[in-house]
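This report refers to the structure that appears directly beneath it.
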Amino acid sequence: MSAQVGERGGIRDREGALAKLLIAPAVFYIVAMIGVPFVLAILYSLSDATTGDPELHIVGLLNYRAALSDPVFRKSLGNTVVFTLISQTIVILLSRVLATALLKPFRWKGLVRFLILLPWTAPISLGTIGWLWMFDSIFSPIDWVLRYAGLLGTKNALLGFQTNMYWLGVPGLAMASVILVQVWRILPLATVIQLAGLSSIPKDLLEAAEVDGAAPWRRTLMITIPLTLPIISIAFLFGVVFTFTDLVVVYVLTRGGPVHATQVLSSWTFFKGIEGGDLAQGAAISLFMFPVLAAVAVLILRTARRTEVV
Amino acid sequence: MNPGKIARRGGLYAILAGFVFFSAFPFYWMVIATFKKDHDLYSPLNNPFLFNEPPTLDHLRLLFTQTHYVTYLTNTLLVGLAVVAITLFAAVPAAYALARWARGWGETLGIGIFLTYLVPPTILFIPLSRFASIYGVQESLWSLILIYPTFTIPFCTWLMMGFFKTIPKEIEEQAMIDGLSRFGAMAKVVLPLSISGILTVVVFAFTLSMHEFIYALTFISQSAQKTVSIGVPTELVRGDVFQWGPLMAGALIASLPVAVVYTFFLDRFVAGFTMGAVK
């Protein structure tokens with residue numbers, strides 16, 4: 001069709017060739033900088049390469065076996081699952097409430113939106129530094145409030161007679177702290193995704209249900225939730241991808257400590273493979289994340305496609 | 001207003017206030033530390049939420065004169081601009097081609113490119129660190145400039161593809177009837193119509209580069225080469241002593257401008273994620 005109009009030969013008019021030429025830089029970049037390194041990561045995981053001796057001698061599945069028998073690795077694997085599932089379940093519940101509230105009309109909406117989105121729009125390493133100071137072992141404002149309320153620092157106080165909680169120094173509390181900060185950080189993204197879902201529900205559908213006498217909880221259960229389920233899944237799945245593979249919050253707050261209590265696969269990969277220089281072990285540990293990623297990607301595609309057909 | 005309505009209104013404001021407090025408190029906490037005198041900051045009995053002594057500019061002065069903070073900001077800007085340029089060069093033409101010549105394979109390739117956005121730095125950084133030392137770019141901003149497009153190109157191609165699809169084909173066909181070549185129709189007619197899409201790409205490529213932490217942590221250990229997202233958390237610590245005043249000032253100053261800009265574009269960013277799941 002359109003090609004015949006400007007038939008003057010030359011690459012500027014040959015659609016097929018032009019298309020390939022326009023796509024080439026992007027595809028080249030992706031193959032060279034994502035495809036090749038990915039294959040190389042697999043090769044490293046099967047080798048005994050270190051930073052000192054980066055030659056690829058294939059040793060088979062040795063690294064995977066070594067990882068599986070390493071207690072720190074197993075601890076990290078469990079922590080990663082706990083960290084991801086708990087934080088993302090909380091995110092989905094909270095983002096639902098927040099998105100519903102943001103749909104209503106109220107004053108200062110622009111400012112409220114800006115403040116609520118801050119954890120996602122500001123660089124995460126810098127936001128987490130703010131939390132590091134809030135979890136300080138001596139000057140934590142949370143501890144100050146607890147002391148002020150008499151819950152901490154006196155003889156019969158509920159949380160103990162010590163003056164501080166040591167949020168990042170006690171295993172259980174440290175895990176709760178990194179989960180809290182991860183919730184804080186992903187919540188804005190999930191909220192905006194859920195907002196898009198909620199505002200796409202046809203208003204007349206809800207109004208018709210109201211006229212027919214359906215109670216609010218019934219409208220939510222029978223209309224809003226089924227209609228927005230795909231978008232809730234999308235929000236959850238992206239939250240999982242961004243949490244499962246990330247190390248910023250853990251690295252800045254605890255470096256995986258105390259005693260690996262908050263170590264996750266990605267941070268353990270970093271400490272082993274990059275800081276420790278054991279390229280092969282690091283690559284093997286990181287590739288344990290891949291099956292989950294691949295499964296999540298498939299689910300995202302399916303969810304998106306299913307809704308498109310409807 | 002009847003009592004029920006007032007109660008619901010009050011409930012709404014209470015919920016919003018709670019969430020605003022949760023989201024924004026760490027930044028309020030940064031503001032306090034930025035202007036608080038050390039003596040006030042480090043007295044456990046002082047109310048930490050208020051200024052018990054008059055505020056001070058000492059921390060800001062220290063941040064800008066005694067640390068590499070300005071260098072971090074400059075480095076961030078340089079890396080960001082270079083990444084924006086590479087991203088525009090690769091993503092915009094590719095997105096156009098995928099959107100226009102999409103008969104099955106265009107859509108599939110587009111989704112394939114988007115999925116590479118999900119391959120995390122924590123899988124790629126080990127092989128990439130070998131690349132960096134082979135090509136001699138470790139400890140240099142060049143390593144970041146070359147690597148950051150691995151996440152900006154996939155995402156921006158996907159975004160622009162959606163954007164180009166909203167521009168009707170007839171516009172180009174008319175331009176070609178008027179004598180422009182196929183390429184000319186794209187460059188002279190479609191691109192000027194796509195300014196807002198291209199602006200989105202510029203904002204995202206810059207923002208995502210500025211936010212990036214893992215690659216910068218992996219490739220850069222020299223203070224003078226660090227970007228702000230890595231320089232502030234790793235360098236503004238003297239030995240084991242955290243200098244919380246300058247540290248919070250540095251985090252705050254770098255966060256706010258990018259957050260303001262990003263807020264305006266977040267809806268488009270999310271539209272990329274939802275991939276047609278919302279119509």
query = Rounded to the nearest 0.05, what FRET efficiency is calculated for B:Ala17 and A:Ile201 with R0 set to 25 Å and r the Cβ-Cβ distance?
reply = 0.45
Extension reserve of the B:Val261-B:Leu199 stretch, reckoned as 0.36 nm per residue once the Cα distance is removed = 21.2 nm
request  = Please give the residues of the range B:2-44, grouped as numeric ranges, whose backbone N is less than 11 Å from a label point set 7 Å along the Cα-to-Cβ vector of A:Phe106.
outcome  = B:9-21
task = Quote to one decimal, in nm, the extra length available between A:Met222 and A:Ser69 on full extension: 0.36 nm per residue of separation minus the C-alpha distance between them.
result = 50.2 nm
query = Kirkwood Rh, the protein assembly as shown, all Cα pairs: how many Å?
reply = 25.9 Å
inquiry  = Using the basic label-point model (7 angstrom from Cα toward the beta carbon), what is the A:Val211 to B:Lys188 distance in nanometres?
reply    = 5.5 nm
task = Rank these for me by crowding, B:His59, B:His211, going from fewest to most other beta carbons within 10 Å.
result = B:His211, B:His59
request  = Mind giving me the FRET efficiency for A:Val81 and A:Leu43? R0 is 22 Å, r the Cβ-Cβ distance, nearest 0.05 is fine.
outcome  = 0.20
ask   = Any idea how far apart B:Lys169 and A:Asp53 come out in nm if each label point goes 7 Å out from Cα toward Cβ?
value = 6.0 nm
inquiry  = Taking each residue in B:28-36, count the Cβ atoms of any other chain within 10 Å of its Cβ, then average. What number comes out?
reply    = 2
request  = Kindly point out which whole DSSP H helices in chain B project their C-alpha atoms 20 angstrom or further along the helix axis while averaging a Kyte-Doolittle hydropathy of 1.0 or above.
outcome  = B:3-35, B:69-100, B:195-211, B:244-274
message = Taking the beta-carbon count within 10 Å as an exposure proxy, list B:Phe131, B:Phe64 from fewest neighbours to most.
response = B:Phe64, B:Phe131
note = Taking A:175-185, A:75-85, A:146-156 and ranking on average Cβ neighbours within 10 Å, highest first, one gets A:175-185, A:75-85, A:146-156
inquiry  = Can you order the peptides A:256-268, B:167-179 by their average number of other Cβ atoms within 10 Å per residue, highest first?
reply    = A:256-268, B:167-179
remark   = Counting as exposed only GluC sites (Glu not before Pro) in DSSP loop states with no more than 14 other Cβ atoms inside 10 Å, the longest exposed-site-free span of chain A is A:56-310
request  = Could you calculate the FRET efficiency of A:Arg305 with A:Thr89 from 1/(1 + (r/R0)^6), where r is the beta carbon distance between them and R0 is 22 Å, rounded to 0.05?
outcome  = 0.30
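Bear in mind that the values in this text are calculations on the coordinates, not laboratory data. Just so we're clear, the structure is a prediction, and the values are computed from it rather than from any experiment. Quick reminder, even Gly has a Cβ in these numbers, built from the backbone with ideal geometry, and neighbours come from all protein chains shown.
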